[in-house]
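Notes follow the structure.
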Amino acid sequence: MTHIRSALAAALFTFGAAAVASAQSTTPATQAPARAQHQRGPGRHRHGAQALLKGISLSDAEKANLKNVRGKYETQFKTLRQQNKPQMQAMRDARQRGDTATMNALREKNAGTRQQSKQLMQAERADFRSALSPENQTKFDANVQTAKAHVGKRGHKKGVAGAASTAGF
């Protein structure tokens, strides 16, 4: 009987130690987000580009062209993210404190950076389109219209009638 208790205690101790060790791990969990469209950070932009290529079969030449376009714009997006990092952290801190006045002031202050980012995304999208064959350009245009409609619906749900419907498009 004591052997069973000892074995049970050892097993519980082992599982408990494993749980504590995994909780203290510095590497992030490799769990995918529940809804990819609400993903934040650098990967979020790439997901949008993939959505615009949905249902398009790319030739090897088109794949190479798109890779070149991504490479061309990646450094520019990275520079914008680095420049905007302190302002985004300040906005995050204000939001966590519940300070909406500061949050709105910081958002207004960042309007220029948002406009730069929007223009950069539009230029990248135009280059994506030009890298495709004519039949794939038609599919790409349809995907752009679908994305615009999706963003517009999302904006109306949140009570932002016109602002979100043109974001990034």
Practice task
Specify the residue that is farthest from the chain's Cα centre (by Cα); the eligible residues are those in the stretch 65-75 that are open to solvent by 50 Å² or more (accessible area, probe 1.4 Å) and closer than 12 Å to A131 by Cβ.
Solution key: N65
Problem - Candidates Q137, Q119, filtered to the one that is open to solvent by 90 Å² or more (accessible area, probe 1.4 Å), closer than 25 Å to R70 by Cβ and either among the aromatic types (F, W, Y) or part of a helix (DSSP H, G or I) (or both) - result: Q119
Problem - Flag if A105 is under 22 Å from A51 (Cβ atoms) and free of Cβ contacts under 8 Å to residues at least 12 places away in the same chain - result: no
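The values are calculated or read from the model by the stated rules, or taken from the named source; none is laboratory data. What you see is a predicted model, and the numbers here were worked out from it, not measured in a lab. We place every Cβ from the backbone using ideal geometry, glycine too, and count neighbours over all the protein chains shown. Heavy atoms of the whole protein, side chains included, go into the accessibility calculation; ligands, DNA and RNA do not. Shrake-Rupley method; radii C 1.70, N 1.55, O 1.52, S 1.80 Å.
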